[in-house]
Amino acid sequence: MTAFPHPPATAAVAVANPRRPLANLRSILPRFRAAEVLLAACLVFSASAVVSDERLQDWIPEVLTLPDDAEVVTDRAIGSTVRMFSIATGADIDDLFADWEEQLNSNGYPVTQGADELLDQAIEFSGPGISNAKILVAPATTGERNVIEFDATLN
């Protein structure tokens, strides 16, 4: 037979005094021991550390370094092959795109430039696991921060 160290909590408690609705709160909540609270806090912090180490989109080549001030605007996966991702940043777009294009070309992701990219800031590339991908500055960008969109079709 199993012995429970705490009495079961009641399903509902009638509040006798409407001016003090939380007066009976102690009788509703189970009494937690300090060790249980500490264990729960450790689990929460461990889980948040694991989540922060994950890449937002695992298809984005690791050679692309996102700016420190990058703020995620969109993060979507449609089906098994279409990916969309966008960030907002205050970084200099010309320098950022020049660095990304150089890094992609020198690490096995050939960059192609079509007629539409000559006028717009855009990088189109393919590579391992990527049928085609495009990085471009969103046309609706306003203010000091630019929105950069990443779109890809995976193999």
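The values are calculated or read from the model by the stated rules, or taken from the named source; none is laboratory data. Keep in mind that this is a model prediction, so the values were computed, not measured. We place every Cβ from the backbone using ideal geometry, glycine too, and count neighbours over all the protein chains shown.
Annotations
- For segment 70-115, a residue qualifies if it is outside any strand (DSSP E or B) and in contact (Cβ under 8 Å) with a residue 60 or more places away in the chain, and the qualifying residues are SER80, THR81.
- Residue that is surrounded by the most Cβ atoms within 10 Å (Cβ to Cβ) [pool: residues in segment 118-137 that are at pLDDT below 75 and under 17 Å from GLU149 (Cβ atoms)]: ASP120
- Within segment 106-117, the presence of at least one residue that is modelled with pLDDT under 90 and of a type in the set (A, V, I, L, M, F, W, C) is confirmed.
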